Amino acid sequence: MQALGGAKNHMVVLPDADIDMAADAAVSAGFGSAGERCMAISVVVAVGDVADPLVAAIAERMPAVKVGPGTDPTAEMGPLITGEHRDKVASYLAGAAGEGAHVVVDGREAELPADGFFLGVSLIDNVKPGMKVYDDEIFGPVLSVIRVNTYEEAVDLINRHQYGNGTAIFTRDGGAARQFQFDIQVGMVGINVPIPVPVAYYSFGGWKASLFGDANMYGPAGVDFYTRTKTVTSRWPDPSTSSVDLGFPQTR
C-alpha cells in the first residue's frame, strides 16, 4: 500500500487562461487548511505575459482571507499546527528577499489573534529553483510564483522536481490541456481544477518522491490490496463419457 511522501504541487497558468478563475483557484488551493495539506498548491507557474495581471489578481484577493480560530464562524483560515512550525514558515518569508525573490504580501504583517499559532497568508513573486522557498516543502500559507517564458519551460520545471504528487493547468485551449496530460510526470492532474483529488473509485497517489510503496491508497489498487486472489487452472474431458452420477448439477 502507498504512503504519501512530499508534495510541492505546481499550478501552471497559460497566457490564455481566465485570470479571475486562476486567481480564485490559487487563493483557495494555496491557503485552504493554512496550506497544511498534501494537495495544497504551493507554486504558481506563470507563463509569459500572464504573470503581472495574475500576481495582481491574487494579491487583490488575499486581504479577504480572514484568519482566526475555529470558534469564529467568519474565519476562513485557522492557525498552524505548532508554534515551532509557524516560526519555521515565517523564516522562509524572512529569507526570501535575500535570495532575490519579492515578497508581495507578508503574512507576518497581518492583524492576527494574539493567542494561537497564527500566520497570515503570504505571496512571493520572482521565485526560482535553488531558493529555499522553492526547494523546501514549506507546508504553510505561502504561495510562490515562478515566471517562465514558455509552456515547455513550465513542464520541464515540474518534471525536474523530486516530487510528483499533484499538478494543474489553467487554459482555455483544449489542445494545450491534453498535451499537458501526456507531458507531465505527476500522478494527479487537474485541468482548470486546482486540487486534482479524484473521487474514491479512481486511484489517489503521486509519483516520484511523493509516494512510498507500490499501490495507491484507494480505487482499484486499494481494492486489490485487500483482496486475496485465487488462481484456478482446469481442463475437462467430455462429461458425456462418464457413467457415474456424483449428484452435482450438470450442464448439458
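Throughout, read-outs are computed from the coordinates displayed, never taken from laboratory work. Just so it is clear, the structure is predicted and the values come from calculations on it, not from any experiment. In this analysis, Cβ positions are derived from the backbone assuming ideal geometry, glycine residues included, and neighbour counts consider all displayed protein chains.
For this structure, a couple of remarks:
- Only one residue of 15, 161, 121 has its Cα farthest out toward the positive end of the dipole of the chain, where Lys and Arg carry +1 and Asp and Glu -1 on Cβ, and that residue is 161.
- Dividing the summed helix terms, -39500 (n - 2.57) for each DSSP H run of n ≥ 4, by the number of residues in the chain produces a 222 nm estimate of -8000 deg cm²/dmol to the nearest 500.
- In terms of other Cβ atoms within 10 Å, 117, 182, 225 run from fewest to most in the order 182, 225, 117.
- Put in line by how crowded their Cβ is, counting other Cβ atoms within 10 Å and starting with the fewest, 148, 223, 89 read 223, 148, 89.
- Theoretical gain in end-to-end length, residue 181 to residue 229 [0.36 nm per residue, Cα-Cα removed]: 14.0 nm
- Amide H contacts under 5 Å for residue 105: 123, restricted to partners 5 or more places along the chain or on a different chain, H placed in the peptide plane at 1.01 Å from N.
- Euclidean distance between Cα centres, region 62-94 to region 4-51, Å: 18
- Among the listed values (1) 1.21; (2) 1.03; (3) 0.99, the one computed from these coordinates for Rg/Rh (Cα atoms, Kirkwood Rh) is (1).
- Residue by residue, region 77-88 carries 3J(HN,Hα) couplings of 9, x, x, 7, 5, 9, x, 5, 5, 4, 5, 5 Hz when phi is fed to the Karplus relation 6.51 cos²θ - 1.76 cosθ + 1.60 (θ = phi - 60°); x denotes Gly or Pro.
- Beta bridges by DSSP in region 3-212, antiparallel share as percent, to the nearest 5: 25
- Rounded to the nearest 20 debye, dipole of the chain from Cβ charges on Lys, Arg, Asp, Glu: 1020
- Per-residue Cβ neighbour rank within 10 angstrom, fewest leading, 33, 122: 33, 122
- For region 3-212, lysine pairs separated by 8 or more sequence positions, or belonging to different chains, with Cα-Cα distances below 22 Å total 9.
- Between the Cα long axis of helix 19-31 and the first principal axis of the chain there is an angle of about 80°, rounded to the nearest 10.
- Neighbour-limited loop hits for GluC sites (Glu not before Pro), region 92-193 (at most 11 other Cβ within 10 Å; DSSP other than H, G, I, E, B): 111
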